[in-house]
Every structure is written in C-alpha cells, then in structure tokens.
Amino acid sequence: MAEVIPAGEALGRALSLLDTGEVVAIPTETVYGLAGDATNGAAVARIFEAKGRPRFNPLIAHVADLAMAERIGVFDPLSRKLAQEFWPGPLTLVLPLRPEAGIHPLVTAGLATIALRMPRGFGNGLIARLGRPLAAPSANSSGRISATSAAAVEADLGGRIPLVVDGGQTPVGLESTIVKADGGRLLLLRPGGIAADEVEAVAGVKLERGATGVQSPGMLASHYAPGAAMRLNVEAVRPGEALLAFGASRVPGFEGAAAMKNLSPSGDLREAAANLFGFMQALDRTGAGVIAVEPIPAHGLGEAINDRLARAAAPRDKPLPPA
C-alpha cells in the first residue's frame, strides 16, 4: 500500500521518488493529482498504467512559474494575459508546444499543443525544487470520480503507487478550467474551477463553446463516473435512490431516499463545487443503484458542476454533444 505522508513532511520523499521516475499523488487547489516527471517517458507511462487511462487522452503539464511555462509553450498575447491574471490557480491554457521543450510525447498524446497550468501550494513548491514540469492528471482510476482527499486517493490507487501526499481537503474541488486561444477567438474546452464569466472579464472576448474531438484533457464523454447510475435534474426521487441535493428545498420523494447529501443547503455554487466529488463518492458507497441529482443552476461555477454531472451520467459507449 502507498505511504500517506502529511504535506509538511513529504517534500523530500516526493522529490526522491520523482527523480527515479516514480509517480506521486499530490494535493492541488483543484483535486489531487497523480504526478510524474513530464520529461521522463517511463514516469508518464506509469501515470497511464496506474490510472488505466487511454493513451490518446492528453495530460496537463504543471509548471512552477511563467518562465518555465514559456520554455514549453508558445504564448500569444491573450494567453499571456490570462496566465498573468489567473496563475497560480485553476486555469489551464492550451498552447502550441515548443519542439525543444523536452516534454515526452505521451503527455501530449501526439498533439502539437500542450496543456499548461501553474498550481498553488505544495505542488508549486515541488515543481520548483524538481526543476522540471510535472504531468499530473487527477489521482483516480480513469473515468471514475476525482479525488478531493488523500483518503479517497489511497482507497482507489493505494495499491498501485508508492506515495500519497496528504494536504487535506482540496479547496476548489473541481478540475481546472481549460481554454485555448485561436487567433482572436477563445475556446472553452472544459469548464472548471474558474467560472467562464471571470475569464471573459479579463480576456475581453466571449468564450466559445462547442469544441469537438480530444483537444485537451477532460473532453471524453464518459468521465467522473460512480459505480451507481446517475439520474440528473430529477423532479422526484424514486424509492431506494440516493439523493444528491442542492439548495434549501427538496424534490418530492426525498423522504424515501436511501441516503442524501446536500451540495450546499444555502445554494452556494462555490460550496457545491468543493463538495461535488466527495459527496458523489459517499453516496456511491451506500450501495444505492441510482444517484438522483436535483437541478443545479447553470450560471457561474454551475456550468462546470453540470458538465461533470453530465459526463458522470453519460452512457459509456456514446459521446456527449459538444459543450
């Protein structure tokens, strides 16, 4: 089983493992990441192996500062403006990859672009000490619910990785927002921990939806899925279903739910985002065959929450329509 070490004591052990091409689960402000040296093919392959992740699905490369990012990706003025405003933080930028960057091809899954993010906290300090970018998708089995605590990582991947760094509960609780500048356009590839209107306010242009194909991580149709089936925007709860609630009022039938978790009794979307994956995991552990989900507003962070719920509920063999 994996060692679980508090973040304040784990830096040396994590660096030692990463230097030998191993992978380490680390806390970030979004969710826990499964980190490996992005320049080391064996390390990147271990990430895919531990997660059971399809190798056509690219990874985000995490950097310590803008200078490291600029050695890897080619920044246009709009992308640089967004990086200067939102980094470190839950924004990922998709940029043309510099041929001399040294990023292993497994990270980009054959694309000519690279997804870059600068995390806060332990991950940032770890990358700075290592001196190389870390590929770090969410620390969970591929397609399953993302982990927002060290305990969730250990329960899922503890038998496959050597170390989980325990930084407590992640504050944002959703993966990063992913955007890509294309000429004067700005494409939203994945809604996430920064609401679209916040990005638009800085960019000065509207985010365009509807991107197709796998242009970045987080674009597979079926993802973030519990073992239970998901039923979204319910108008009533059926007997025996678990209920993922939101807000102060309940849909009919809630009294007969097998279990209930309320993402935010006050209707706060930021609180709901932080609780989403942990509450989905808790309801899944009850053994209920179906998790019924009350309607969640689509504005602000609600866009990202509804995106994750739609992917969790998607049939495993059918694509979602463009976002």
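Some values worked out for this structure:
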item: Cα gyration tensor shape of segment 231-323, rounded if a/c is under 1.5, else prolate or oblate by comparing a/b with b/c; result: oblate
item: Stokes-Einstein D (µm²/s) once Rh is taken as the Kirkwood radius of the chain over alpha-carbon pairs, at 10 °C in 1.306 mPa s; result: 80
item: Convex hull volume per residue for segment 88-197, taking Cα atoms only, in Å³; result: 133
item: Three-way shape label, segment 65-128, alpha-carbon gyration tensor, a/c 1.5; result: oblate
item: Translational D in µm²/s for segment 33-87 (Stokes-Einstein at 37 °C, 0.692 mPa s, Kirkwood Rh from C-alpha pairs); result: 254
item: Highest-fluctuation residue, A25, A115, A229 considered, GNM on the chain with Cα pairs under 10 Å; result: A229
item: Contour excess over end-to-end distance, with Cα ends at E235 and R160 and 0.36 nm allotted per residue; result: 22.9 nm
item: Per residue accessible area in Å² of segment 10-155, where ligands, DNA and RNA are left out and the probe is 1.4 Å; result: 33
item: Rounded to the nearest 20 debye, dipole of the chain from Cβ charges on Lys, Arg, Asp, Glu; result: 580
item: Segment 122-280 shape via C-alpha gyration tensor axes, a/c threshold 1.5; result: oblate
item: Share of carbon and sulfur in the accessible heavy-atom surface of the chain [1.4 Å probe, %]; result: 53
item: Loop-resident sites, segment 223-323, for trypsin sites (Lys or Arg not before Pro), counting at most 10 other Cβ within 10 Å (DSSP); result: R316
item: Reference-scaled alpha-carbon Rg (2.2 N^0.38 Å with N residues) for segment 13-128; result: 1.00
item: Among P252, T113, V24 the positive-end extreme of the charge dipole of the chain (Cβ point charges); result: T113
item: Dimensions (Å) - segment 107-171, Cα atoms, principal axes, largest first; result: 35, 27, 24
item: Ranked order, L186, L66 - accessible area, probe 1.4 Å, largest first; result: L66, L186
item: Mean Cβ neighbour count within 10 Å, used as a protection proxy, ranking 175-184, 293-302 highest first; result: 175-184, 293-302
item: DSSP-loop trypsin sites (Lys or Arg not before Pro) across segment 50-145, with at most 15 other Cβ within 10 angstrom; result: R55, R71
item: Cleavage-rule hits, GluC sites (Glu not before Pro), segment 59-153, DSSP coil, Cβ neighbours within 10 Å at most 14; result: E100
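The values are calculated or read from the model by the stated rules, or taken from the named source; none is laboratory data. On a predicted model such as this, the values are computed, not experimentally measured, just so you know. All Cβ positions, glycine included, derive from the backbone under ideal geometry; neighbour counts span all protein chains shown. The area values use the complete protein model at the heavy-atom level, side chains included, leaving out ligands, DNA and RNA. Shrake-Rupley method; radii C 1.70, N 1.55, O 1.52, S 1.80 Å.
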